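**Q** Have a look at the structure that comes next, please.
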Amino acid sequence: MILTLKTPLEQLISKLLKGEVTALSEKRLYLYVENLTNGDKGKLRQALKDIDDMVAKWKDGYFISVYEERVIAFNRSKLAITPQELDDIYHEENYLLKSGKIALSVDYLYESIAKYGFINEHHQDAVESACFYHDMEFLRKEWECLVLAPIMSLRDIVCSMLGMVCDTPKSESQASSRPLKRIEDYPEIFDLGTCCELTGYAKDTIYKWTRTKEIPCHRSGTNGRKLKFKRDEIVEWLTARKQETKDEFIKRKESELASRYIYNNL
């Protein structure tokens, strides 16, 4: 589908969610919004509400399936849950499927992300690591970002015409402005999210470094898929590459020269 200025907003969003819109550019989107609202504040607010409502409805059409994973954990005596509770999860997910919702799995998310295309090799490594560790939160976030990217561009244009600041997730630099904890406040052993908070690095970066063994980590659980980190090891890793002061550099060089002189005169 090629975007025309007379395309109804609901139809456009529907096609964008399916990745069926071609020849899409920021300029084209701007002209579309301008033609749709004529710059009227009321129409722009309604368009913004319609976009948010349709995105929320789309997100509500999916759910993360946990039944099979819980069954495996139960059979391995790794989950404190009763057979009745497992049965309840099965019936709940079955009801969601019958109501038209789609169950998200690791394979579904990976294939969907791959279909849209990886941003670069680091992004692909991060996604593959998330698949290995069954990090559904990260996979779903990456999938939603790719699917919703053109819709968020459309939303940004509507917001700019309204003279508003869009409600977007905080960037890493913004998130880092939160009050910092003391090192002692972090638990001795923590998960990936806490590791990101302590180090200031993003999930995909930490994932890449665990794959290349550049950061100390441990794998817990029967399948070794759960990443765990030790506070002391991470702190030591963070401070391992200390930059020398001028005086330290001079002293090191003097020591090296002295050792060389002694060796040559033996």
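The values are calculated or read from the model by the stated rules, or taken from the named source; none is laboratory data. Computed from a prediction, not measured in an experiment: that's the story for all the values here. Cβ coordinates were reconstructed from backbone atoms using ideal geometry, including for glycine residues, and neighbour counts include every protein chain displayed. Accessible surface is based on the protein model in full, side chains and every heavy atom, while ligands, DNA and RNA are left aside. Shrake-Rupley method; radii C 1.70, N 1.55, O 1.52, S 1.80 Å.
**Q** Where the centroid of each part is defined by its Cα atoms, how far is region 50-75 from region 90-142 in Å?
**A** Each part reduced to its Cα centre gives a spacing of 10 Å.
**Q** Can you give the percent of C-alpha pairs in region 6-47 whose distance is more than 11 Å?
**A** On the way: 584 of 861 pairs.
For region 6-47, the share of Cα pairs beyond 11 Å comes to 68 percent.
**Q** Still on this structure, I have one more. Can you classify region 42-126 as rounded, prolate or oblate using the Cα gyration tensor, where a ≥ b ≥ c are the square roots of its eigenvalues, rounded means a/c under 1.5, and otherwise it's prolate if a/b beats b/c and oblate if not? Please list the in-between numbers first.
**A** Details: a/c = 3.20, a/b = 1.46, b/c = 2.20.
Oblate shape, in that a/c is at least 1.5 and b/c is the bigger or equal ratio.
**Q** As a test of reading the structure, rank CYS195, CYS217 by solvent-accessible area (1.4 Å probe, protein chains only), most first. Walk me through the numbers on the way to the answer.
**A** Values: CYS195 0, CYS217 35 Å².
I get CYS217, CYS195, largest accessible area first.
**Q** In region 1-150, with Lys and Arg counted as +1 and Asp and Glu as -1 at Cβ, which of these residues, LEU44, CYS145, ALA23, has the Cα nearest the positive end of the dipole, that is, farthest along it?
**A** Toward the positive end, the furthest listed residue is LEU44.
**Q** When the accessible area of region 1-94 is split by element with a 1.4 Å probe, what percent falls to carbon and sulfur?
**A** Values: 3120 of 6230 Å².
That share works out to 50 percent.
**Q** For region 1-157, just say rounded, prolate or oblate: build the C-alpha gyration tensor, square-root its eigenvalues into a ≥ b ≥ c, call rounded for a/c under 1.5, and beyond that prolate if a/b exceeds b/c, oblate if not. Display every interim value, and only then the final one.
**A** Values: a/c = 3.28, a/b = 1.92, b/c = 1.70.
Because a/c hits 1.5 or more and a/b exceeds b/c, region 1-157 counts as prolate.
**Q** Going by accessible area, probe 1.4 Å, with all protein chains left in place, what is the ranking of ARG140, ARG155, largest first?
**A** Numbers: ARG140 50, ARG155 25 Å².
These residues rank, largest area first, as ARG140, ARG155.
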